[in-house]
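Just below is one structure, and these are the notes that go with it.
The values are calculated or read from the model by the stated rules, or taken from the named source; none is laboratory data. Computed from a predicted structure; not experimentally measured. Here the Cβ positions follow ideal geometry from the backbone for every residue, glycine too, while neighbour counts run over all protein chains shown.
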Amino acid sequence: MFVDGTAVYDDEVGDYVINFLGDSDGLMTKGLVALLVRCLSGNTAEAIQKVDPEFIKIARIDQSLTPGRNNGFLNMLHSMKQKAMQLDEAARNGTTSAPATKDNDETLSGDDGETDEKAAAGGLPKYTAITESLQALKPESFTVVDTSELNGSTEGAETHFELSMVASAFEGLNVIKRQQLVFMILGDLMPQIEGLQIASMFTPEEAKQQS
């Protein structure tokens, strides 16, 4: 899956608005991406943050999705909200736009317990290596989700992951530098996976403001 976007100043709105573009190899995911791109584009980052995930039930979209796809759709929305904030920040700071997402944004948030059990049994070496390496940042909290199967990989392939983290190490760093810090910490692990989607990177204070 590919998701990117731009933040442009809209004179009529009097603020920056986000315009998304996206695509996917899978027919189901392609349709879900197109729906979110169409619905979220043309709105400010602030307005996008206020989109209630419950709309998936009101629109009855969840009735045509498996539980895994349902969770994946909600996590796609979450990831695009994060992307909107990154693009807005980059535009206001006059810096380079946030890097495009070229991996799967869908995650099975309900599978964390099962993932931890597999990792403990030595069945997920890359997952284990990533979580152990990230300890170097001394995070207050973080979540690593294996999204490989949702990206079409075979079971146990460990090709794609999504990361959310709260750490004091992000203090004073913009979004791009935070990503660079994470990639640097993972070092030799990065070439071993096809995609790492960073859903959120907050300082402890920012995390409190989000709650």
**OP:** Kindly list the number of the only condition in (1) acidic (Asp, Glu); (2) more than 28 Å from residue 24 (Cβ to Cβ); (3) free of Cβ contacts under 8 Å to residues at least 24 places away in the same chain that fails for residue 140.
**Re:** (3)
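Take residues that are at pLDDT 90 or above and either out of contact with any Cys (no Cβ under 7 Å at 6 or more places or on another chain) or not basic (Lys, Arg) (or both) and tell me which of the strands (runs of 3 or more DSSP E) falling wholly in segment 111-211 contain 1 or more.
Details: elements: 141-146, 160-166, 195-202.
Filter on segment 111-211 gives 160-166, 195-202.
Considering 16, 9, which residue is loosely packed, with under 12 Cβ neighbours inside 10 Å, in contact with a strand residue (DSSP E or B) (Cβ under 9 Å, 6 or more places away or on another chain) and at pLDDT 90 or above?
Numbers: 16 fails: loosely packed, with under 12 Cβ neighbours inside 10 Å.
The conditions single out 9.
Which of the residues that make up segment 164-185 are hydrophobic (A, V, I, L, M, F, W, C), surrounded by fewer than 20 Cβ atoms within 10 Å (Cβ to Cβ) and either within 17 Å of the chain's Cα centre (by Cα) or farther than 18 Å from residue 126 by Cβ (or both)? So that I can check it myself, show each step before the final result.
Filtering segment 164-185 for residues hydrophobic (A, V, I, L, M, F, W, C) gives 165-167, 169-170, 173, 175-176, 181-185.
Pick out the ones that are also surrounded by fewer than 20 Cβ atoms within 10 Å (Cβ to Cβ) and you get 169, 173, 176, 181, 183-185.
Correct list: 169, 173, 176, 181, 183.
Sort out which residues of segment 42-59 are buried (at least 16 other Cβ atoms within 10 Å of the Cβ) and assigned to a loop (DSSP other than H, G, I, E, B), and write them in order of number. Give the steps one after another, and end with the answer.
Of all residues in segment 42-59, those buried (at least 16 other Cβ atoms within 10 Å of the Cβ) come to 43-45, 48, 51, 56.
The answer is 44, 51.
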Original post:
Which pairs do you get when a residue that is under 15 Å from residue 156 (Cα atoms), found in segment 126-137, comes within reach of a residue that is of a type in the set (Gly, Ala, Ser) and assigned to a helix (DSSP H, G or I), reach meaning Cβ atoms under 8 angstrom, with the pair 6+ apart or on two chains?
Top reply: 127/119; 128/119
**OP:** Determine, yes or no, whether residue 101 is surrounded by fewer than 16 Cβ atoms within 10 Å (Cβ to Cβ), within 23 Å of residue 43 (Cβ to Cβ) and modelled with pLDDT under 85.
**Re:** no
Original post:
In segment 186-211, what count of residues is obtained for those that are surrounded by fewer than 13 Cβ atoms within 10 Å (Cβ to Cβ) and under 16 Å from residue 138 (Cα atoms)?
Top reply: 1
Subject >> Every residue from segment 183-211 that is closer than 23 Å to residue 3 by Cα and among the acidic types (Asp, Glu) >> reply: 194
